[in-house]
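To start, the structure itself, in structure tokens.
The values are calculated or read from the model by the stated rules, or taken from the named source; none is laboratory data. Model, not experiment: these values are computed from the prediction. Every residue, glycine as well, gets a Cβ built from its backbone with ideal geometry; the counts of neighbours run over all protein chains shown. The accessibility values were calculated without ligands, DNA or RNA, using every heavy atom of the protein model including side chains. Shrake-Rupley method; radii C 1.70, N 1.55, O 1.52, S 1.80 Å.
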Amino acid sequence: MRNTVVMIVLALLAAATGLLRWQRATPDPMPAVDESTTPLGYYVRGARLIGTDEQGRVLYRISAARLDELPGEDRLRFESVSVDYRPVDETPWEISAAAASGLRDGSLLELAGNVELRTAPTDGATPVFMATAKLRFWPDTSRAESDETVEFRAGDLHLEAKGLRANLKDDTLRLESEVHGTFAPH
């Protein structure tokens, strides 16, 4: 009987100790949040974005090796980006660059690093090629602008200029200043 009493006392002590430990246990403190850090966004590898015109027809496709959301800036950042711009019944254009950033609403794309623009004529017209270091492109209005040096080639015509203003849908181009060029007829 004495063993039974000792066992009951030990069991009660063990239960009391466990209860005390359980009551005293405090949860681990939550890690402090540093509000000065920018919020995390999403990223996508092999990103593809599509923009449409007022009638819902595909106007352009943006492809990028990587897309990062920058939520603190309300912007997107692209790596190895290309834009396939195809206005209905107009000359298609292809734009490529090493990188770009743009507003999340898609209204502006700022391309940088080996920016190239080229027409992809389907009617046998002479292709146009342009190269610059930086370019701003507004897909919804078809405008493209650069304040950098621009190289322009169309057939035998080769021009270099400082600054470019273009409307891709209307096939209009204005070279701003310091225009130099060569034309070598056949």
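Selection of region 76-95 for residues being open to solvent by less than 40 Å² (accessible area, probe 1.4 Å) and either in contact with a Pro (Cβ under 8 Å, 6 or more places away or on another chain) or not in a loop (DSSP other than H, G, I, E, B) (or both) yields LEU76, PHE78, VAL81, VAL83, TYR85, THR91, PRO92, TRP93, ILE95.
For THR149, are the conditions met, namely being surrounded by 17 or more Cβ atoms within 10 Å (Cβ to Cβ), of a type in the set (S, T, N, Q) and in contact with a Ser or Thr (Cβ under 8 Å, 6 or more places away or on another chain)? Considered against the rule, which asks whether it is surrounded by 17 or more Cβ atoms within 10 Å (Cβ to Cβ), of a type in the set (S, T, N, Q) and in contact with a Ser or Thr (Cβ under 8 Å, 6 or more places away or on another chain), THR149 comes out as no. Looking across region 96-120, the residues that are within 20 Å of ARG75 (Cα to Cα), open to solvent by 40 Å² or more (accessible area, probe 1.4 Å) and touching a residue at least 24 places away in the same chain (Cβ under 8 Å) come down to LEU103, ARG104, GLU110.
Of the strands (runs of 3 or more DSSP E) that lie entirely inside region 119-186, those containing 1 or more residues that are modelled with pLDDT of 90 or more span 128-138, 143-154, 157-167.
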